[in-house]
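Step one of this worksheet: look at the structure below.
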Amino acid sequence: MINFEKVNKYFGDFHVLKDINLTINKGEVVVVIGPSGSGKSTLLRCINRLETISNGMLTVNNLSVADKKTDINKLRTEIGMVFQHFHLYPHKTVLENITLAPMKVLGQSEEEAKQIARKYLDKVGISEKADSYPAQLSGGQQQRVAIARGLAMNPEIMLFDEPTSALDPEMIGEVLDVMKALALEGMTMVVVTHEMGFAKEVADRIVFMDQGQILEEAIPAEFYENPKEERAQLFLSRIL
Ligand code: ADP
Ligand code: MG
């Protein structure tokens with residue numbers, strides 16, 4: 001579903017992604033970990049072309065992301081993204097935040113969009129907050145709204161960039177639970193997170209990045225019990 005083939009990315013002279021080879025199949029949950037600055041966010045952002053790759057081949061559903069002929073807006077409707085900081089519109093209600101894109105981009109009627117939004121709010125467990133404003137919600141609730149907003153576009157892929165790292169510890173679980181449920185339903189997910197419990201339970205694969213390279217790819221049990229790369233061992237010893 002997502003395929004990186006010898007992908008490189010530069011910011012000016014800075015080589016941020018180095019010869020990335022990575023395949024993510026439909027229904028897989030891949031967790032990306034690695035030190036700060038290793039290129040995890042950039043890797044994720046290339047998938048929906050929030051960043052452009054410098055060379056190599058990156059395809060989503062067999063469509064080249066960099067190709068000018070690829071309808072990037074259509075591609076983006078198939079990819080939901082959840083960020084560390086929720087990026088909700090502060091002056092819109094929860095319901096308005098969720099219905100905006102489906103109405104604008106998918107052409108849904110307000111009625112239809114609201115009905116779908118309520119379905120997903122229910123799914124993330126905060127249907128009673130539909131008419132609240134983001135500032136009236138806790139961080140964990142805001143992040144669940146952000147997830148519902150992504151899901152309302154009916155994407156095939158969900159990207160999560162450190163979705164719990166801005167949250168107070170007591171709210172991390174509620175967001176991870178929503179993500180786990182999504183994974184169990186078969187959503188294709190790429191998740192940048194250092195939450196080891198989540199990774200062990202849900203991930204099909206761990207991808208360890210350092211200095212712009214993928215140094216190790218393994219199933220969670222293998223990676224956490226017996227990391228092969230020295231830099232992965234060092235990294236784990238620091239976060240555990
Ligand atoms: P991570 O998510 O693993 O912390 P990032 O992908 O955010 O890493 O960043 C990787 C490196 O690229 C960092 O050194 C960062 O400073 C740099 N970088 C990220 N975005 C830009 C940008 N827009 N321009 C220049 N450098 C950037
Ligand atoms: Mg990052």
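Rg(Cα) of the chain divided by 2.2 N^0.38 Å? Walk me through the numbers on the way to the answer.
Values: Rg = 17.9 Å, N = 240, 2.2 N^0.38 = 17.7 Å.
This ratio for the chain stands at 1.01.
Summarising the amide proton neighbourhood of Val16: residues at separation of 5 or more, or on other chains, whose placed amide H is nearer than 5 Å comprise Lys9, Tyr10, Phe11.
Taking Cβ atoms as reference points and 12 Å as the exclusive limit, the residues near Ala113 contribute a net charge of +1, counting Lys and Arg as +1 and Asp and Glu as -1. Across the range 27-41, rounded Karplus estimates of 3J(HN,Hα) from the backbone phi angles (6.51 cos²θ - 1.76 cosθ + 1.60, θ = phi - 60°) give x, 7, 10, 10, 9, 9, 10, x, x, 4, x, 7, x, 4, 5 Hz, Gly and Pro being marked x. Taking Glu230, Glu216, Glu51 as the candidate residues, the one with maximal mean-square fluctuation in a Gaussian network model of the chain, Cα springs under 10 Å, is Glu230. Partner aspartates and glutamates whose Cα lies under 17 Å from the Cα of Lys129, excluding those fewer than 8 positions away in the same chain, are identified as Glu96, Glu174. Between Gly107, Gly150, Gly34, the GNM of the chain built on Cα springs shorter than 10 angstrom shows Gly107 fluctuating the most. Placing pseudo-labels 7 Å out from each Cα toward the beta carbon at Ser64 and Ser36 gives an inter-label distance of 3.8 nm. For the residue pairs Lys26/Lys69; Lys92/Lys123; Lys40/Lys92; Lys68/Lys92; Lys6/Lys69, the alpha carbons lie more than 28 Å apart in Lys40/Lys92; Lys68/Lys92.
With only the Cα atoms considered, the range 154-240 has a convex hull volume of 112 Å³ per residue.
Of Asn21, Asn154, Asn226, the residue with the greatest mean-square motion in the GNM of the chain, using alpha carbon springs below 10 Å, is Asn226. Of the residues Pro163, Ile147, Met187, the one whose Cα sits farthest towards the positive end of the charge dipole of the range 145-194 is Met187 (charges of +1 on Lys and Arg Cβ, -1 on Asp and Glu Cβ, taken about the Cα centre). Kirkwood analysis of the Cα pair distances in the range 6-78 returns a hydrodynamic radius of 13.0 Å. No solvent, one uniform scatterer per C-alpha: report log10 I(q)/I(0) for the range 65-171 via the Debye equation at q = 0.24 1/Å, two decimals. Here log10 of I(q) over I(0) equals -1.35.
Report the calculated FRET efficiency for Asn25 and Lys180 (r = Cβ-Cβ distance, R0 = 30 Å), to the nearest 0.05. Could you put the intermediate results ahead of the total?
Numbers: r = 19 Å, r/R0 = 0.64.
Efficiency at R0 = 30 Å is approximately 0.95.
Per the Debye formula on identical point scatterers at the alpha carbon atoms of the range 1-140, with no solvent, log10 I(q)/I(0) at q = 0.10, 0.11, 0.14 Å⁻¹ is -0.45, -0.54, -0.82.
Rule-based calculations on the coordinates, nothing more; no lab input. All figures in this text were calculated on a predicted structure; none of them were measured in a lab. Cβ coordinates were reconstructed from backbone atoms using ideal geometry, including for glycine residues, and neighbour counts include every protein chain displayed.
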